[in-house]
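The values are calculated or read from the model by the stated rules, or taken from the named source; none is laboratory data. Computed from a prediction, not measured in an experiment: that's the story for all the values here. Reconstructed Cβ throughout: ideal geometry from the backbone, glycine too, with neighbour counts over all protein chains shown. Remember, those area values only see protein heavy atoms, side chains included, never the ligands or the DNA or RNA. Shrake-Rupley method; radii C 1.70, N 1.55, O 1.52, S 1.80 Å.
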Amino acid sequence: MDQISDIKTVGVIGAGTMGQGIAHVLLRAGYAVLLQDVSEKYLKRGSDRILLGLGRDVDKGRLNEQQRQQAVERLETTIRLDGLAAAQFIIEAVTEDFNVKSDVFRALDEACGPNVIFASNTSSLSITRLAAVTRRSDRFVGLHFFNPVPVMKLVEIVPGLQTSAPTLSLAKELATSLGKTPVLANDFPGFISNRVLMPMINEAIYALMEGVAEPQAIDEVMKLGMNHPMGPLELADFIGLDVCLDIMKVLYDGFHDSKYRPCPLLEKMVNAGWLGRKTGKGFYQYKAQ
Ligand code: CAA
């Protein structure tokens, strides 16, 4: 399986925001998708959102009605990990927790043939370490998508120490076939994206905590002065404050450098359950999702 043309069916593990987005762009690009999650409820919610997204693609002229219909028919869901055995390439997008992800990969390693390639959508965990829990560490790669996946052009491609050259080039080709731009980042905590983004968000939270300005002012400065589409606090709410804190901890633990110390206000807000958009409260108020 060293050719992109050998990949017809892609497994996606996790029907949350990232899994939905990844499945959506795969279907749109002509792949069959096996979407797995632990409950029918999550699968139903995930596939409903994917179908809505495909409908929007027709409204916007990105797909015609026949292409939408065919894409819908190429989507299958399963609550079993071994239900992904027919896929040639599998992308994991479950909770950002090393133990959860490694349990998934161990089970998947048992269920799938040895040629199947595994990719993790982790935003900061070590690909080298995740790959090592499988017996196919040469066929393991990081494929880091960005939210909202159907809109964001970037995919960070992260080889672990063990990733083979054919696996790496296949991962790049897969990203390109989805209309994305792959950018290579070596396996260091946070890769490129979160090593740069998260300290900026963390610093914005320090600025708020120290009373430099109100949240709106901090965000306005970065939007109007630096042309960012969202200010850092608005973006933190969008990503999830728990996710931001987890990534800061990965940076802090990985580099042992105090410049990555999570802001105490970020920790407090996570402890309060104020996680941003998904809970209805973060730096701003939202209608709970
Ligand atoms: N899901 C799917 N599509 C969405 C969406 C969502 N949550 N939010 C917006 N869109 C789509 C809209 O449907 C619209 O698409 P079409 O009209 O072409 O169908 C398009 O995005 C533009 O939307 P809007 O005009 O309504 O809004 P906007 O111009 O304000 O853009 C945005 C919205 C694209 C989210 C923009 O604000 C933006 O780029 N924000 C920054 C996003 C970002 O930085 N993401 C990376 C986060 S970090 C990450 O994901 C990885 C990590 O490891 C933490």
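Worth pointing out:
- Some residue of segment 144-151 being without any contact (Cβ under 8 Å) to a residue 40 or more places away in the chain, out of contact with any Lys or Arg (no Cβ under 6 Å at 6 or more places or on another chain) and not in a loop (DSSP other than H, G, I, E, B): no
- In segment 187-231, residue most open to solvent (accessible area, probe 1.4 Å) [restricted to those that are in contact (Cβ under 8 Å) with a residue 60 or more places away in the chain and touching a strand residue (DSSP E or B) at 6+ places or on another chain (Cβ under 8 Å)]: ASP187
- Residue list for segment 223-247, filter: among the aliphatic types (A, V, I, L, M) and within 11 Å of the ligand (Cβ to nearest atom): MET230, LEU235, ALA236, ILE239, VAL243, ILE247
- Hits in segment 97-108 - residues which are open to solvent by 10 Å² or more (accessible area, probe 1.4 Å) and more than 16 Å from the ligand (Cβ to nearest atom): ASN99, VAL100, ASP103, VAL104, ARG106, ALA107
- Among (1) open to solvent by less than 20 Å² (accessible area, probe 1.4 Å); (2) farther than 20 Å from GLU40 by Cα, the one test that ASP138 misses: (1)
- From the list LEU34, LEU63, LEU27, the one residue that fits, being surrounded by 19 or more Cβ atoms within 10 Å (Cβ to Cβ) and over 21 Å from SER120 (Cβ atoms), is LEU63.
- Whichever residue in segment 266-289 is assigned to a helix (DSSP H, G or I) and open to solvent by 40 Å² or more (accessible area, probe 1.4 Å) and, among such residues, is farthest from MET198 (Cα to Cα): THR279
- Pairing each residue of segment 59-75 that is of a type in the set (Asp, Glu) with any residue that is within 16 Å of the ligand (Cβ to nearest atom), provided the two are 6+ apart or on different chains, yields C-beta distances under 7 Å for GLU65/VAL58.
- The lone exception for VAL116 - which of (1) away from the ligand (no atom under 14 Å from the Cβ); (2) touching a helix residue (DSSP H, G or I) at 6+ places or on another chain (Cβ under 7 Å); (3) open to solvent by less than 30 Å² (accessible area, probe 1.4 Å) it fails: (2)
- From the options SER164, SER177, SER169, residue that is over 19 Å from THR9 (Cα atoms) and away from the ligand (no atom under 16 Å from the Cβ): SER164
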